[in-house]
Amino acid sequence: MINTALKNTMKAFAISSALVITTMASAALPTQWQLDDSHTRVGFSVDHLGFSMTMGHFNDVKGVVNYDIKAPNKTSMNFTIAADSIDTNWEARDEHLKKDDFFNVAKYPTMTFKSTSVTFKNPQQAKVTGDFTMLGQTKPLTLDVTLNKIANSPMTKEPVIGFRATGIIDRAAYGMTIFSDGITTKVPLQIDGELIEKKAATTKKTK
């Protein structure tokens, strides 16, 4: 009985989600989006010698997404992360992570992700594969993406897409092998964020 109730609940959720997305599709939604800096977090966690999990995030992330709700599989995205914006809530560790042992931010100031394919399994879930560049090396990375909600913000009255993306980065594959005997090399990545309509670039006129 419990299993039947659970299946019915999940079915109802899927139908209601599809209805919401279908309704939004009939509205005039933009096809170019950008990350909302104030509601986006790129987080990670590593196992520290088996004693604890150390968590951190990057404070400076920029991204642009081309997403048409009526043609989701044509979606493309491009993100840039400032490596020196790493924040693990301990300044001394952050300064070490910026050195040559780890991110070497003086030589490699940014990490980038550029999608190469996007496949939606259903209206809310997709697999996104792309090229991830870190420490001057580019390798494929696949992210599992869930669209949490697509609706107009009650505050701005503008359309917003809420999402979560997860994946795993093998830091050793990019040459970051230090302390690999005690600190996670396969690092779980979790991105929680919101997309808003991409604003047109403005240029200042000079006299």
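Which of the residues that make up segment 157-183 are among the β-branched types (Val, Ile, Thr) and either modelled with pLDDT under 95 or in a strand (DSSP E or B) (or both)?
Of everything in segment 157-183, those that are among the β-branched types (Val, Ile, Thr) and either modelled with pLDDT under 95 or in a strand (DSSP E or B) (or both) turn out to be Val160, Ile161, Thr166, Ile168, Ile169, Ile183.
How about segment 36-95: which of its residues are loosely packed, with under 15 Cβ neighbours inside 10 Å, touching a Ser or Thr at 6+ places or on another chain (Cβ under 6 Å) and of a type in the set (A, V, I, L, M, F, W, C)?
Answer for segment 36-95, where residues must be loosely packed, with under 15 Cβ neighbours inside 10 Å, touching a Ser or Thr at 6+ places or on another chain (Cβ under 6 Å) and of a type in the set (A, V, I, L, M, F, W, C): Met53, Met55.
Consider Lys127 against the criteria (1) outside any strand (DSSP E or B); (2) touching a Leu at 6+ places or on another chain (Cβ under 9 Å); (3) basic (Lys, Arg): it satisfies all of them except one. Which criterion is unmet?
Only one criterion is unmet by Lys127, namely (1).
What number of residues in segment 149-173 are open to solvent by less than 40 Å² (accessible area, probe 1.4 Å) and within 16 Å of Lys198 (Cβ to Cβ)?
Of the residues in that region, 6 qualify.
How many residues does segment 102-140 hold that are among the polar types (S, T, N, Q) and either surrounded by fewer than 14 Cβ atoms within 10 Å (Cβ to Cβ) or more than 18 Å from Val61 (Cα to Cα) (or both)?
9
The values are calculated or read from the model by the stated rules, or taken from the named source; none is laboratory data. Only a predicted model underlies this, so the values are computations on that prediction, with no experimental measurement involved. Using ideal geometry, Cβ is built from the backbone for each residue, glycine included, and neighbour counts are taken over all protein chains shown. The accessibility values were calculated without ligands, DNA or RNA, using every heavy atom of the protein model including side chains. Shrake-Rupley method; radii C 1.70, N 1.55, O 1.52, S 1.80 Å.
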